[in-house]
Amino acid sequence: EWTGLSLGPTIGTLGLGAEVAYYLTEWMNVRASVNTLSLNYLDTVDGVDYDLDADLSGLLMLVDLYLTPGGEFRLSAGVALNDRTVSITGTPKGSGDTAIKGTAEYDSLAPYVGIGFSNPVRPDTIFTFTVDLGLMFQSYELDLKTVGGSSGGLTVEVAEDDVSDL
């Protein structure tokens, strides 16, 4: 018997997670997904070894509006509740002393708009595959500092543009 409810896994740029969708009308559904992603990235830029650690998780709550009743193509809008932390350290190659340390703090609430294809709670289907393409409008504050070390007073200047190269 059809319940008007679906539950399934998600994978995407927000990470791995689970999603639940609920049928409201043949024109509209509501969805919520929980996602998590943990990354570690190492790179060397201008003689500095960078270590970037990102722990990203959040809850995405959406309203889907279908262009035709019971259709497949949809417009989505909603909000993301974020718990995102990013830390970065930089060590000049061969020195062993940390010279750069910082964090990025992201907005905990971010609007979302998107488009998608497929309806996960159609009455006549058991298995669906959905596709979403959207934008989350989110800003961040970058706190990046140089740290003195025992390697002869090494000073490193870092611009935000250098961090974007990572």
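Could you tell me whether any residue of the range 98-115 is outside any strand (DSSP E or B), over 14 Å from residue 50 (Cβ atoms) and at pLDDT below 90?
No - not one qualifying residue is present in the range 98-115.
Only one residue in 51, 43 is of a type in the set (D, E, K, R), in contact (Cβ under 8 Å) with a residue 60 or more places away in the chain and in contact with a Leu (Cβ under 7 Å, 6 or more places away or on another chain), so which one is that?
Exactly one residue qualifies, and that residue is 43.
Among the residues of the range 76-93, are any in contact (Cβ under 8 Å) with a residue 40 or more places away in the chain, more than 23 Å from the chain's Cα centre (by Cα) and surrounded by fewer than 14 Cβ atoms within 10 Å (Cβ to Cβ)?
Looking for residues that are in contact (Cβ under 8 Å) with a residue 40 or more places away in the chain, more than 23 Å from the chain's Cα centre (by Cα) and surrounded by fewer than 14 Cβ atoms within 10 Å (Cβ to Cβ), one finds at least one in the range 76-93, hence yes.
Name the single residue, out of those in the range 1-35 being open to solvent by 80 Å² or more (accessible area, probe 1.4 Å) and in a strand (DSSP E or B), that is farthest from residue 90 (Cα to Cα).
24
What residue, among those in the range 60-75 that are free of Cβ contacts under 8 Å to residues at least 40 places away in the same chain and in a strand (DSSP E or B), is farthest from residue 145 (Cα to Cα)?
Going through the qualifying residues, I end up with 65.
Those residues that are β-branched (Val, Ile, Thr) and more than 24 Å from the chain's Cα centre (by Cα), I need them from the range 45-75; list them, please.
The answer is 45, 48, 68.
If residue 125 satisfies every condition in (1) loosely packed, with under 13 Cβ neighbours inside 10 Å; (2) in contact (Cβ under 8 Å) with a residue 12 or more places away in the chain but one, which is the exception?
Failing condition for residue 125: (2).
The values are calculated or read from the model by the stated rules, or taken from the named source; none is laboratory data. Source: prediction; values computed, not measured. When we count neighbours, we look across all protein chains shown, and the Cβ atoms used for this are built from the backbone with ideal geometry, even at glycine. Note: areas computed on protein heavy atoms with side chains; ligands, DNA, RNA excluded. Shrake-Rupley method; radii C 1.70, N 1.55, O 1.52, S 1.80 Å.
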